[in-house]
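Down below is the structure, laid out as structure tokens.
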Amino acid sequence: MWILPSRSRPHNLLRLIDAWGRTGASTPVELCLDFNDPCLRQYLAIPPPSEWSVVTGERGGLSKVYNDAFARYPEESWYGFIADDVVPLTADWDIKLIETAGRDGMAVPAGGHDPSGAPHFVLGGDLVRSMGWLCLPGLDRLYIDTIWQEIATARGVLRRVPDVILEHRHFSNRKALIDETYLKKHKVQDKLIYDNWRQNGNLS
């Protein structure tokens, strides 16, 4: 299933839902909203696609959002990371990424704001369960994709899919305005957690 955290961007969600329909996406999504989001009423007024479910919880870092979803669905065959500032452009992109990831790999599309990065991707369920978490616990928002890319590279299961494009409309590539959701309020803490994991973590 895709895990989609969103905060204070119902306009982005509408755009993503439109792209979802135009590209023929058909796989399940869990949309994760915050109880204290000032835009919650606008979100709840948006009819989600039939494959989507909505969960509303306490505001927390992204690692908590992802790991709470993993706790709810620990036996999925795959897990997808997608954000509300993404616009899929390729027909059947979701199935292509899921099939490429398989149960043990990481499938990375084109279209990220950083060509060397992997902000939106699919992980095989067995790969996730081998680590015991969907996101390194404690992180707020940084290094999530970096860590999975390092794990997948070390195991020889990083699979890039250049013919699948998920355009990342991010402020760094001038395709979005910077807003509060983009602010990296815990970047020092995230860097410390990442560095400690990198020195002591199990990549393979």
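The values are calculated or read from the model by the stated rules, or taken from the named source; none is laboratory data. Just so we're clear, the structure is a prediction, and the values are computed from it rather than from any experiment. Cβ sites come from the backbone with ideal geometry, for glycine too, and all protein chains shown count toward neighbours. Remember, those area values only see protein heavy atoms, side chains included, never the ligands or the DNA or RNA. Shrake-Rupley method; radii C 1.70, N 1.55, O 1.52, S 1.80 Å.
How many Å² of accessible area per residue for segment 67-134, probe 1.4 Å?
Working: 2400 Å² over 68 residues.
Counting only protein heavy atoms, the per-residue value for segment 67-134 is 35 Å².
Extending each Cα 7 Å along its Cβ direction at residue 189 and residue 59, get the distance between those two points in nm, one decimal.
So the label points at residue 189 and residue 59 sit 1.4 nm apart.
Compute the separation of the alpha-carbon centres of segment 71-111 and segment 122-144 and state it in Å as a whole number.
Here the two parts' Cα centres lie 14 Å apart.
Quick one: what are the phi-derived ³J(HN,Hα) couplings along segment 38-48, Karplus 6.51/-1.76/1.60 with θ = phi - 60°, whole Hz, x for glycine and proline?
x, 9, 4, 4, 5, 4, 5, 7, 8, x, x
Given a cut-off of under 8 Å on Cα pairs at least six residues apart, what relative contact order in percent is computed for the chain?
Values: 363 pairs, mean separation 45.9, N = 204.
Relative contact order here is 23 percent.
Using P(r) over Cα pairs in 10 Å bins from 0, in percent as the read-out, say which of [x] 8, 36, 41, 13, 1; [y] 7, 27, 28, 19, 13, 6, 1; [z] 9, 36, 38, 17, 1 was calculated from these coordinates.
Among [x] 8, 36, 41, 13, 1; [y] 7, 27, 28, 19, 13, 6, 1; [z] 9, 36, 38, 17, 1, the one derived from this structure is [x].
Could you check how much of the accessible area of segment 1-92 is carbon and sulfur, as a whole percent, using a 1.4 Å probe? Each step should come with its number before you reach the end.
Details: 2220 of 4020 Å².
With neighbouring chains kept in place, the figure for segment 1-92 is 55 percent.
For residue 133, enumerate residues with amide H under 5 Å from its amide H, sequence gap 5+ or separate chain, H modeled in the peptide plane.
When sequence neighbours closer than 5 places are left aside, there are no close amide H contacts.
Kindly work out what percent of the DSSP beta bridges joining two residues of the chain are antiparallel, to the nearest 5.
On the way: 9 of 26 bridges.
Among the beta bridges of the chain, antiparallel pairing accounts for roughly 35 percent.
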